[in-house]
Ligand SMILES: [Zn+2]
């Protein structure tokens, strides 16, 4: 039976198996530019803006 002392005396590579892995960084979320809401002037991420029926780009609170 293998005692813990024996295990610790073994070289690391004999006890553990290590492998180098390729790590791919996930791409950052696309940063959208900010635009001022035509109604309240609040800077809002352009992807979060809502286009009104008359073509004005407004923030979500103003679109409601
Ligand atoms: Zn607004």
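The values are calculated or read from the model by the stated rules, or taken from the named source; none is laboratory data. Since this is a predicted model, take the numbers as computed values, not measurements. Neighbour counts run over all protein chains shown; Cβ positions are idealised from the backbone, glycine included.
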Next item on the list: Would you mind finding the one in 44, 39, 18 that is modelled with pLDDT under 95 and assigned to a loop (DSSP other than H, G, I, E, B)?
Entry: 18
Notebook entry, point to check: Scanning segment 47-64 for residues that are assigned to a loop (DSSP other than H, G, I, E, B) and within 28 Å of the chain's Cα centre (by Cα), which turns out nearest to residue 4 (Cα to Cα)?
Noted result: 49
Check: Which members of segment 20-64 meet the condition of being near the ligand (Cβ under 8 Å from one of its atoms) and in contact with a helix residue (DSSP H, G or I) (Cβ under 6 Å, 6 or more places away or on another chain)?
Finding: 37, 39, 40
